[in-house]
Amino acid sequence: MGISPSVRMMKDIQKPVRGACPHDCPDTCSLVTTVENGVAVRVGGNPEHRHTDGVLCTKVSRYTERTYHPERLLQPLRRAGPKGAGKFEPITWDAALDDIAQRLAAIAARDPQAILPYSYAGTMGLVQSESIAARFFHKLGASLLDRTICASAGAEALTQTLGGKVGMKVEFFAESKLILIWGSNSIGSNLHFWRLAQAAKRAGAKLVCIDPRRTETAEKCHEHVQLRPGTDAALALALMHELIVNDWLDHDYIAQHTLGWEGLRERALRWSPERAAAICGVSVEQIRSLACDWGTTQPAAIRLNYGMQRVRGGGNAVRAVACLTALTGAWRHRAGGILLSSSSMFPVDKAALQRPDLLAGRTPRTINMVTIGDDLLRPASPAFGPKIEAVIVYNSNPVAVAPESSKVVAGFARDDLFTVVLEHFQTDTADYADYILPATTQLEHWDVHMAYGHTDVLLNRPAIAPVGQAMPNTQIFRELARRMGFDDPCFTQDDQSLCRTAFGDRVDYNRLLEQGFATLDIPDAPFAQGGFPTASGRCEFFSEALARQGQDGLPDHLSNYETAGSSARFPLAMISPPARNFLNSSFVNVRSLRDIEGEPLLEIHASDAAERGIVSGAVVRVFNDRGEYRCKAQVSARARPGVVNGLGVWWRKLGLDGTNVNQLTSQKLTDMGRGPVFYDCLVEVRPA
Ligand SMILES: Nc1nc2c(c(=O)[nH]1)N[C@H]1C(S)=C(S)[C@@H](COP(=O)(O)OP(=O)(O)OC[C@H]3O[C@@H](n4cnc5c(=O)[nH]c(N)nc54)[C@H](O)[C@@H]3O)O[C@H]1N2
Ligand SMILES: Nc1nc2c(c(=O)[nH]1)N[C@H]1C(S)=C(S)[C@@H](COP(=O)(O)OP(=O)(O)OC[C@H]3O[C@@H](n4cnc5c(=O)[nH]c(N)nc54)[C@H](O)[C@@H]3O)O[C@H]1N2
Ligand code: SF4
Ligand SMILES: [Mo]
C-alpha cells in the first residue's frame, strides 16, 4: 500500500533504548526502555540524566500497560453509526486517506479556512506535534489555531515582565533558603522539582505553599497560605506593600535593572495587608510573616506553576508575582528568582519545522482553541468567516478537556462537520469522528524535545516497531500531503531529519545520539546583572507594550469573573486541578491508574457539606447555568470553606453520568494571552 514509515525496521533490539517522556509535564524525563524480542517490557527513568535521576512518576512507569493496552487503536476506522455513538468499522489506510484527502480538497476549493487543525500537547515532541502537520495546514491555508488552552496567560505575563518564558535554572532550587511553591502541586505534577525542594529543606530551607487546596505538597511544606482562587495578585501586591514599608528592598537592583518602579511603588502602597487579607481569605499575620520571610531571606526562589493563571486576572497575577523577585534582587544569586517555564531558553527553529512561508502571503483567520465550543456552532459571517466544516484533531482530546463541554459536544455532533481524529485510543473526542487514524506512541517513533521545567534537550529513539498498523502523526500528514498534490520536498522530509532541523547547529546532535540528552549552555544566574530579554533589558514592572494594548501597564488584582460570594444561586467556587495519576485526560483509561484514582471526586469542606446534607461517598449534583455533572463527594480538609475541588480531567464516558467537570467551566478568557479560566467558576452542590 505504498506506506513505509521509517520506523518500521526497528525489530530485534535487545539493548535498552533511550527516549524522552512525551507528556505535558515540566519534568521531561529521560526514559530507558528495555526491549526483548521486539517487545517493550519495561520503561524506566534514566539514572544518567540528572533531572530524571533514574525515577519516573507512577503514570509513565506503567507505560507498557498503556502501549499494549487491549483498547489501543490498531487500524484506521470509519464511522458506522450516528455521531458520538462510538460505532466504527475497520477500513484500509489507503481507503481512509484517499477519502479524507478528497473531502478536504473539496472544502478547500470553496475556502480552506473552513478546515481547522485542533492539537495540543498529547505529545510535546517537536516533530510529532507541529512539524509536517503545521506545514500541511499552512500549505492548505487552513484556519490557524491559537494554542492557548494551558499556559498562554502566564506566558504572555512573563513575556511582558521578564521578556520571555525564562527563569532560574531548576537545579539551583536545591540551594535556596526559602522556596515559595505558588499555584503548584509539585508532588502531583512536578515530581522532580519536589526532590530538589526536599534537598533544600534538608539543608534548612523553609518551604511555603500558596494554594487554595490543601494538596499533598501543601501538607509537606512548613507553611500553607490557603488563599481563595484568583486572589494571588492581591497577595503579591500586599507583599510588595510590606517590602516597601519595611524597606526590605534591593534599591540598587531596582534602580539598575527594573522599569516603572515609581508607579509600582504607588500601586503597592494601596495594598495594605488588611485589604489583601479580606480578598484572599487569609490572615493579616500570615501575609506579614510571608513578606518578612521574602524580604529578609536570601537566596529566595519562587516555583510558580500554571494553576494560578486559570482565572480572569491570571496574567496580572503572574506579573505581580514575578515583580517580587526583582524588588529584593533575588536574581543576584543562582538559587534566587522565579521559574514558571524555561521554554524560551531553547533555541528551537520553529520556522524551519513549521514553514509558515507556505502560507504564501495568505493570512487565514485564527480560532482560539478555548472557544471551540462556540466556534463549532457559529454560522458563517463577515466577522467570523466561513463556518467550520472540517476539524482534524491530533494530540488532544477537546471533548474532555475544553471548557463548557455541552457546547463542545454539540459542535462535534454536527452532522455537517467532517472530523478526523489521530489517536492512540477511542477517546471522548474520537467517538465523534468520521475517521479515526491510529497513531504511534513515543515508544514507536522518533522525536526531539525541549522542556519547560529544566534546560536539557532530549532525543527520543523508537524502541519498538509500530503496534498494529499505527503510523506517526508525521507520516499520516505526509500521506495526506501527497494525496492533496503537495509536492514541495518539505513534505517528504523524514523524522530523523526533522529531529535535526529542530535545533539546527544550536544543539550538538551527536551528543543527543550518544547520550540521549544535551544541556543548554546558560549562565547559572542569568539575570544577576539584569539583562532581561525585554525591549528595555530590564524587568518591566511597567509594560509599555501592555499599555499600548489599552491594558493597565502595571500589575493589579482583577477579581474573578465569577467571584465567590457574588451569586446566591451558585455560592461555591470550583477549581479543577489535575489528578496525580492522570495527565490531563491521558491515562484515564489505564486500568491500574484509574484504580488508584477511584472515581471522579468532588472535595468539599465539612462546613459546606453539612449545610447541604452531604456525606463522604454520596453521589452529588454539581451544577450552574452551564450544566450539571454528577460525581462522588469527599468531605475533605483538602477543600477550604467556600471552594470545592473537582479533580480533573476524567473521560466523560468513564464518569458516572457521561460528563466531566468541564460541563461546568466557562469559555471566558484571561486578561492576557486569551487563555481559559477553568478555575474561575461558580457552582452549587446538592445530594443527587
Ligand atoms: N500528574 C499530573 N501532572 C501534570 C498534569 C496532570 O494532569 N497530572 N498536568 C500537566 C500540565 S498540562 C501542566 S500545564 C502542568 C502544570 O499544571 P498545573 O495546573 O500548574 O498543575 P499543578 O501543579 O497540579 O498545580 C495547580 C495547583 O494550583 C492550585 N490552584 C488553583 N487555583 C489557584 C489559584 O487561584 N491560586 C493559586 N495560588 N493556586 C491555585 C491548584 O489547587 C493546584 O494545586 O502540570 C503538568 N503535570
Ligand atoms: N477543568 C479543567 N480542564 C482542563 C485543565 C484543568 O486543569 N481543569 N487543564 C488544561 C490543560 S493545562 C491542558 S494542557 C489541557 C490538555 O489537553 P490535551 O492536550 O488535549 O491533553 P490530553 O487530555 O492529555 O489529551 C492528549 C491526547 O493526545 C493523544 N496523544 C498522545 N500522543 C499522541 C501522538 O503521538 N499522536 C496522536 N495522534 N495523539 C497522541 C493522547 O492519547 C490523548 O488522548 O487540558 C486543559 N483542561
Ligand atoms: S509525566 Fe513527568 S514525571 Fe512522569 S515520566 Fe513524564 S516527565 Fe517524568
Ligand atoms: Mo497544561
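Of the residues in the stretch 425-437, at least one is more than 19 Å from the chain's Cα centre (by Cα), surrounded by fewer than 24 Cβ atoms within 10 Å (Cβ to Cβ), polar (S, T, N, Q) and modelled with pLDDT of 95 or more. If the condition is being without any contact (Cβ under 8 Å) to a residue 40 or more places away in the chain and among the charged types (D, E, K, R), then the stretch 585-602 contributes only Asp595.
For the stretch 13-39, name all the residues that are of a type in the set (D, E, K, R) and not in a loop (DSSP other than H, G, I, E, B). Walk me through it before giving the result.
Of the residues in the stretch 13-39, the ones of a type in the set (D, E, K, R) are 15, 18, 24, 27, 36.
Those that are of a type in the set (D, E, K, R) and not in a loop (DSSP other than H, G, I, E, B): Arg18, Glu36.
Counting the residues of the stretch 523-534 that are touching a residue at least 60 places away in the same chain (Cβ under 8 Å) and exposed (fewer than 13 other Cβ atoms within 10 Å of the Cβ) gives 2. Does the stretch 40-59 hold any residues that are basic (Lys, Arg) and more than 16 Å from ligand 4 (Cβ to nearest atom), and which are they? Arg42, Arg50, listed by residue number.
Scanning the stretch 592-613 for residues that are closer than 19 Å to Asp657 by Cα and more than 16 Å from ligand 3 (Cβ to nearest atom) returns Arg594, Asp595, Gly598, Glu599, Pro600, Leu601, Leu602, Glu603. Considering the stretch 588-627, the residues that are in contact with an Asp or Glu (Cβ under 9 Å, 6 or more places away or on another chain), part of a loop (DSSP other than H, G, I, E, B) and among the hydrophobic types (A, V, I, L, M, F, W, C) include one that is nearest to Gly314 (Cα to Cα), namely Val588.
Would the stretch 524-546 turn up any residue that is within 23 Å of the chain's Cα centre (by Cα) and modelled with pLDDT of 95 or more? Looking through the stretch 524-546, none of the residues is within 23 Å of the chain's Cα centre (by Cα) and modelled with pLDDT of 95 or more.
Which of the strands (runs of 3 or more DSSP E) contained wholly in the stretch 327-427 include at least 2 residues that are at negative phi and within 16 Å of ligand 2 (Cβ to nearest atom)? Lay out the reasoning, then the answer.
On the way: elements: 337-339, 366-368, 390-394, 418-423.
Result: 366-368, 390-394, 418-423.
Scanning the stretch 364-418 for residues that are within 27 Å of Ala153 (Cβ to Cβ) and either assigned by TED's automatic domain parsing to the domain that holds Leu669 or without any contact (Cβ under 8 Å) to a residue 24 or more places away in the chain (or both) returns Arg378, Ala383, Phe384.
The values are calculated or read from the model by the stated rules, or taken from the named source; none is laboratory data. From a predicted model like this one, the values you see are computed outputs, not experimental measurements. Every residue, glycine as well, gets a Cβ built from its backbone with ideal geometry; the counts of neighbours run over all protein chains shown.
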